[in-house]
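The structure appears below as structure tokens.
The values are calculated or read from the model by the stated rules, or taken from the named source; none is laboratory data. These figures come from a predicted structure and were not determined experimentally. Cβ placement follows ideal geometry from the backbone for every residue including glycine, while neighbour counts extend to all protein chains displayed.
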Amino acid sequence: MKKLTGAIVFILLVGCSANNTDTEDQTGAPPSNSQVQQVIAKELDVPWDINKHENTFFISQRGGSIVEVGEAGEKEEQELSLSKDVVEKGEGGLLGFLLHPSFSETQEAFLYHTYEQEGKLLNRVITIKLEEGVWKEQSVLLDQIPGDSIHNGGRLEMGPDQKLYVSVGDAAKQSSAQDKNTLSGSILRMNMDGTVPSDNPFDQSYVYSYGHRNPQGMAWDEDGTMYAAEHGSSAHDEINIIKPGHNYGWPVIQGDEEQEGMETPLFHSGDETWAPSALAYNQGRLFAAGLRGEQLRMFDLEEKASSVYVQDVGRVRDILIAEASMYIVTNNTDGRGTPGPEDDKLIQITTE
């Protein structure tokens, strides 16, 4: 669960902005915050999701494996034993991976992955258990989630209500995002056993919010307010406040466009592209992992200000905040970046 387990102090970039306005200076430099970056592990293969348990990291890789990374950076690639093969095609593959809240006792985790059935790409949410270095499938929580080579969503997060949240893209079928009877283009909410919570906004439905293009990262503040990052169409990437049962407008509106009954974003990128893949919250600020923007972006919720926090590390896929540190993984090997000789990397960022 990508929530804070210790305090991190960040120095705020002074300024304010409207929803689609930056406050970074003309040089594009990040705020001066005395960052220290340390590479913990390198030569990862399209890493997607970071988990940390005590001093050990578990990272999903899109091709279909999980890497265990020790405190000194040593790596062990762990296989999956699943009833359906992981299919890596385009943006699909092994995506969301989340350790169970009781992982210490159960050695279980949640997994979101793409598979193929009768020539169609689909996604599913399952539970897996680590046994003698192999992650073995335990149960299927939800399958037949629409998939495609693009727009699979794929993030898993545990909310403060101890419900499992799943972000699902429109699977390249734009109109499906406006159909509450489909799972695509939605954020889903379920109990940890895969059943539908009785207080979901639509009767007997996993759909928690809809009208999304390709939502991914999700985070909550201290008051339980939920936020989500979403990939826009030709820019217009979004940071939204997520409310149960609400419609987030895709493909009818985007950016500052308005229509009755549809939500407009808290922040959006205007004509720029952030490609926000993950989202984390800390002390009044959201942090979004930027793929195409090749940056870590900070959003001050009180000032409504957006700025670059980390740059020049390549495509950033995921963020984890834990014990006074921020951890990110790069995604330069995903076919859309320019990988260096030691990519991809798990990087620790601390502030002095």
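General observations
- Applying the condition of being of a type outside the set (Val, Ile, Thr) and either under 20 Å from ILE66 (Cα atoms) or at pLDDT 95 or above (or both) to the stretch 343-352 and asking which residue is surrounded by the fewest Cβ atoms within 10 Å (Cβ to Cβ) yields GLN348.
- Checking SER234, SER269 one by one, the residue that is free of Cβ contacts under 8 Å to residues at least 40 places away in the same chain and of a type in the set (S, T, N, Q) is SER234 and no other.
- Residue check for GLY270: of a type outside the set (Lys, Arg) and surrounded by fewer than 24 Cβ atoms within 10 Å (Cβ to Cβ): yes
- Residue check, LYS52 modelled with pLDDT under 95 and farther than 16 Å from LEU296 by Cβ: no
- Residue selected from the stretch 90-119 under the condition of a type in the set (D, E, K, R) and crowded, with 16+ Cβ neighbours inside 10 Å, by the criterion farthest from the chain's Cα centre (by Cα): GLU108
- Test: residue in the stretch 332-347 that is among the hydrophobic types (A, V, I, L, M, F, W, C) and over 22 Å from VAL168 (Cα atoms): yes
- Among the residues listed as GLY249, GLY340, the single one being assigned to a loop (DSSP other than H, G, I, E, B) and modelled with pLDDT of 95 or more: GLY249
- Of all positions in the stretch 241-254, at least one carries a residue that is surrounded by fewer than 24 Cβ atoms within 10 Å (Cβ to Cβ) and in contact with a Leu (Cβ under 8 Å, 6 or more places away or on another chain).
- Residue count for the stretch 64-74 under the criterion of being at pLDDT 95 or above and touching a Lys or Arg at 6+ places or on another chain (Cβ under 9 Å): the result is 3.
- The residue of the stretch 103-119 that is nearest to LEU164 (Cα to Cα), among those that are free of Cβ contacts under 8 Å to residues at least 40 places away in the same chain and in a strand (DSSP E or B), is GLU108.
- Scan the stretch 315-332 for residues that are touching a strand residue (DSSP E or B) at 6+ places or on another chain (Cβ under 9 Å), over 15 Å from LEU95 (Cα atoms) and modelled with pLDDT of 95 or more and the total you get is 6.
- Selection over the stretch 40-64 of residues that are in contact with a strand residue (DSSP E or B) (Cβ under 7 Å, 6 or more places away or on another chain), surrounded by fewer than 17 Cβ atoms within 10 Å (Cβ to Cβ) and either closer than 17 Å to LEU130 by Cα or hydroxyl-bearing (Ser, Thr, Tyr) (or both) gives a count of 2.
Yes/no per residue for (1) outside any strand (DSSP E or B); (2) touching a residue at least 24 places away in the same chain (Cβ under 8 Å); (3) touching a Pro at 6+ places or on another chain (Cβ under 6 Å); (4) closer than 30 Å to ASP179 by Cα:
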{"residue": "GLY92", "(1), (2), (3), (4)": "yes, yes, no, yes"}
{"residue": "PRO101", "(1), (2), (3), (4)": "yes, yes, no, no"}
{"residue": "ILE126", "(1), (2), (3), (4)": "no, yes, no, yes"}
{"residue": "ASP148", "(1), (2), (3), (4)": "yes, yes, no, yes"}
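- Of all residues in the stretch 294-337, those being in contact with a Ser or Thr (Cβ under 9 Å, 6 or more places away or on another chain), under 24 Å from ASP221 (Cα atoms), charged (D, E, K, R) and part of a loop (DSSP other than H, G, I, E, B) number 3.
- Selection status of ALA289, of a type in the set (A, V, I, L, M) and in contact with a His (Cβ under 7 Å, 6 or more places away or on another chain): no
- When the stretch 269-286 is filtered for residues that are of a type outside the set (S, T, N, Q), in a strand (DSSP E or B) and closer than 18 Å to GLY153 by Cα, the ones remaining, listed by number, are PRO276, ALA278, LEU279, ALA280.
- Within the stretch 186-205, being surrounded by fewer than 16 Cβ atoms within 10 Å (Cβ to Cβ) and of a type in the set (A, V, I, L, M, F, W, C) holds for one residue alone: PHE202.
- Matching option when the condition is farther than 24 Å from VAL207 by Cβ and within 21 Å of the chain's Cα centre (by Cα), among ILE145, ILE128, ILE150: ILE128
- Criterion (surrounded by fewer than 23 Cβ atoms within 10 Å (Cβ to Cβ), among the hydrophobic types (A, V, I, L, M, F, W, C) and not in a strand (DSSP E or B)) met by exactly one of LEU183, LEU142, LEU130, LEU122: LEU183
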